[in-house]
Structures are given as C-alpha cells and as structure tokens.
Amino acid sequence: MGAGILGLALARELGRRHPGLPVTVVEKEREVAAHQSGHNSCVVHAGLYYEPGSLKATLCRRGGSMLREYCSEHGIRYDELGKVVVASSEAELPALRRIGDRAERNGVPGLRFVDAAGLRELEPWAVGVAALHSPHTATVDFPSVCRRLADDVRDGGGEVLLGQEVEGVRPVGGGVEVSLASGPRRFVAAVACAGLGSDRVGRRNGAPEPKVRIVPFRGEYWRLRPAARERVRGLIYPVPDPRYPFLGVHLTRRFDGEVLVGPNAVMALAREGYRWRDVDLGDLADLARWPGLWRLARRHWRTGAREMAVSLSKRAFLASARRYVPSLTMTDLARASAGVRAQAVDRDGSLVDDFVIDVDGPVVAVRNAPSPAATSSLAIAEYVADRVPVLGAA
C-alpha cells in the first residue's frame, strides 16, 4: 500500500522473487510519488550520520549502491556532485569529527577533512573553519525513479491502482482483506508503506495501538535565482544538532541545475500540510490525543519556536544560509515547494531515529521510514520482503 518509492520498490522486489504471484500497489493519489518521494531535495545520501549497525546505516549504504546501478541501467539522471559538511566555528569541530568517525565506521568511501582553504577549493563561495567532504553524495530524479519502478511492477504482471484509498485492512482466512472505495480485495499478504498515514493504516487492521505515532513536519524550501546558482557547486550542509533527525537548512544543487535552500522543520497542521493555511482539525485532534506530542513539545519548544521564526521570515531563512554562503542576498531567494516528513514520535516524546518495521501475521507495517529512506529504498525492499511471513520469509 502506497506508491511512493518504497512501496513501488517493494512491489518490484516481491514480483521478482515470486514470479506469477499477483502483486498490487494501492495508492490513494492519482499519481505515483505524490508526497515524500516527490517533495524532497533529491539527495542520495552516502551514510555519514547514522549509528553504525542501525538499519539506516546498513540499508543506506547498500541502497545507495543499488540505486546508482538502477539509474545507470534505466538511463535516469544521477549526479555525484559531492557534499561538504561545514563547521562554521571552532566549537563545531568535535561534532564534525564525530560525524567523520561514524561515517568511516559505516564504510562511506572517499571521505576527507579539509581546512578553510580546502573548503574554498571545493566550494569557492562557502566559508567555514573546516569541512568533511563526501565526494560520492549524489542527487537523482526520484519521481522518475518512481515512474520507472511502477513500469517494472506492471511489466512483471503486477498492477498499480491509483486513486484508491485504503479504508480498512484485516486478516481473513490465512490472508488479508483490504477494503477500498471500489470494494474489498483479498491478498495473501499486505505491506503498509503509507508514509504520512503509516500509523493509521496500522490501526485499521485491528492490531494493537502502534507504539509510535506519525507527526508531520513540514520542510520549506527557497531556491536560488539563476544568477546566484553558480555560488553552489554541490551540496553544502551544516553540522547537525545531534538531538534531532533533521539536518538543518542546507544548500543543494540538484541533478537539474536547480539550487535549493532548506529545509527547515516545523510541525504541519495537517498530515499533508504543505502550507500554513493547510489545516485539518481531525488530524490535529488525533495528534492532541497522543501523549508523545505534548512531551515532545515540552522538551523542545525553544527549538520549535526558532524553526517557526525561520518559516515565517525570509530574512531569518536567509540568515541560516548565509552562515555558509555569506554573499547571498534577499533578492537571490525565490519561493520553492515544500515537503512534509512523516516522523514517528514515541509515547515518551522522543523522535524515533531508525527505520521501524513491524510484522503482525500476514500484515507488515513500515512504521517509520524518514530520510534516508528514498536512498535506501531498494535495500529496504529486500529487507522487508524477507519478512513477509506467508511467502515463506523469516
């Protein structure tokens, strides 16, 4: 369920493993990649930040290699532009070294530390006291990847049902019944890759209350106008705050030459709240009943207030970018589209960092798959396919 990159990759993987098995992707929108897979900065992460041994670390490294090969096979644009994680002050150097150590333990290739002069060689317009350079960080056209994966599913004999919202999921007679607006459908198993609705799909199958709840965080972007794009050669990132899974406002040159500035991270007022005026009272009431939200708010309200200020003020957003490219001005920025991140929050108010995948009989639910899920998608598909019980998996 879900025609984002993860759901499509998994459907393709199941079709390849079980020839002749009918595989169906069900998606409530009328196009693939309508949400997270089509509203992001299109970065293929190398695996710098993730706890060694975690699912994120292992699946990001394998998934990135698989994605590069897949794009080469199908002629999809994939550019290794390289990335610098910049320490803007001496105080950030210990954290930068920790990132480098973690990245080396994750097997990220080609890493090197550079001083301020070395940073200027890589990014002449950028400033900082030092940086970690990851030459194999790339950008890719993720919507094109999704469309190609959908074609793979169809070519393998499967189907992609668009405009069909899942209204219920329940185990029946050794299989699963999925209720759609067009009527019920029966399958031997179901995998929920529902992104922003992943916790709700889980609740619709009669299973116990999920241990986590999805809280939508909107990431807003500006873009550099054409005259300013030359100031960013690749990807320029800050040293992230280790308390959060968000990486902070950064500058990203994409595969198409566009340069994005962002994203920030503010709680959206709807599951699909791409703008401040997108408000869903039902979504808000649902979140208000989750104790983890209030514990999260009490713990991090100051950070939330700062992120809101950046959201509401172009000048504040510019200031975040000018820490690394100080020549940028207000006229260099133009509005770009936003994305909404499906972030799982535990009952205790903690932001769940790693991927979370639950198995409940014939139903497998992907509970948390934030960045780098798109990078990792082909590897996550392998991992999940190994765990569909009724297909003889572990």
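The values are calculated or read from the model by the stated rules, or taken from the named source; none is laboratory data. These numbers were taken from a predicted model, which means no experiment stands behind them. Reconstructed Cβ throughout: ideal geometry from the backbone, glycine too, with neighbour counts over all protein chains shown. When the accessible area is computed, the model is the full protein with side chains, heavy atoms only, and any ligands, DNA or RNA have been set aside. Shrake-Rupley method; radii C 1.70, N 1.55, O 1.52, S 1.80 Å.
Residues that are closer than 13 Å to GLY47 by Cα and either open to solvent by less than 50 Å² (accessible area, probe 1.4 Å) or aromatic (Phe, Trp, Tyr) (or both) within segment 94-108 comprise ILE99, GLY100, ALA103, ASN106, GLY107, VAL108, listed in sequence order. Quick one: is ARG271 under 30 Å from VAL44 (Cβ atoms), in contact with an Asp or Glu (Cβ under 9 Å, 6 or more places away or on another chain) and among the basic types (Lys, Arg)? Yes.
In segment 322-343, the condition of being part of a helix (DSSP H, G or I), open to solvent by 50 Å² or more (accessible area, probe 1.4 Å), more than 30 Å from ARG62 (Cβ to Cβ) and of a type in the set (Lys, Arg) is met by at least one residue.
Here is a yes/no grid of residues against (1) under 24 Å from ASP358 (Cβ atoms); (2) surrounded by 22 or more Cβ atoms within 10 Å (Cβ to Cβ); (3) in contact (Cβ under 8 Å) with a residue 24 or more places away in the chain:
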residue: LEU196; (1), (2), (3): yes, yes, yes
residue: ASP199; (1), (2), (3): yes, yes, yes
residue: PRO226; (1), (2), (3): no, no, no
residue: VAL232; (1), (2), (3): no, yes, yes
residue: PRO245; (1), (2), (3): yes, yes, yes
residue: ASP256; (1), (2), (3): no, no, yes
residue: GLY262; (1), (2), (3): no, yes, yes
residue: VAL279; (1), (2), (3): no, no, no
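The residues of segment 103-145 that are touching a residue at least 24 places away in the same chain (Cβ under 8 Å) and small (Gly, Ala, Ser), listed by number, are ALA103, GLY107, GLY110, ALA126, GLY128, ALA130, ALA131, SER134, ALA138, SER144. Screening segment 234-243 for residues that are in a strand (DSSP E or B) and of a type in the set (A, V, I, L, M, F, W, C) and picking the one that is surrounded by the fewest Cβ atoms within 10 Å (Cβ to Cβ) gives LEU235.
Quick check on segment 42-51. Is at least one of its residues assigned to a helix (DSSP H, G or I), open to solvent by less than 40 Å² (accessible area, probe 1.4 Å) and aliphatic (A, V, I, L, M)? No: segment 42-51 contains no residue that is assigned to a helix (DSSP H, G or I), open to solvent by less than 40 Å² (accessible area, probe 1.4 Å) and aliphatic (A, V, I, L, M).
The residues of segment 175-194 that are open to solvent by 70 Å² or more (accessible area, probe 1.4 Å) and either in a strand (DSSP E or B) or on the phi > 0 side of the Ramachandran plot (or both), listed by number, are PRO184, ARG185, ARG186.
The sole residue among ARG213, ARG200 that is more than 30 Å from GLU73 (Cα to Cα) and in a strand (DSSP E or B) is ARG213. Take the conditions outside any helix (DSSP H, G or I), more than 30 Å from ALA87 (Cα to Cα) and open to solvent by less than 40 Å² (accessible area, probe 1.4 Å) and apply them to ILE357. Does it pass? Answer is yes for this residue.
ARG367 meets each of the listed conditions (1) in a strand (DSSP E or B); (2) modelled with pLDDT of 95 or more apart from (2). Checked against (1) in a helix (DSSP H, G or I); (2) within 26 Å of VAL84 (Cα to Cα), LEU293 meets all criteria but (2).
When you check ARG77 against the structure, is it free of Cβ contacts under 8 Å to residues at least 24 places away in the same chain, basic (Lys, Arg) and at negative phi, yes or no? Answer is no for this residue.
Exactly one residue out of ARG306, ARG302, ARG289, ARG295 is open to solvent by 90 Å² or more (accessible area, probe 1.4 Å) and in contact with a Gly (Cβ under 6 Å, 6 or more places away or on another chain): that is ARG295. Of all residues in segment 379-389, those satisfying the criterion of being open to solvent by 10 Å² or more (accessible area, probe 1.4 Å) and either touching a residue at least 60 places away in the same chain (Cβ under 8 Å) or under 13 Å from the mean Cα position of the chain (by Cα) (or both) are GLU382, TYR383, PRO389. Filter segment 62-93 down to residues that are in contact with a helix residue (DSSP H, G or I) (Cβ under 8 Å, 6 or more places away or on another chain) and part of a helix (DSSP H, G or I) and give me whichever is surrounded by the fewest Cβ atoms within 10 Å (Cβ to Cβ). Result: HIS74. So which residues in segment 267-283 are part of a helix (DSSP H, G or I) and within 22 Å of the chain's Cα centre (by Cα), if there are any at all? The answer is ASP283, and nothing else.
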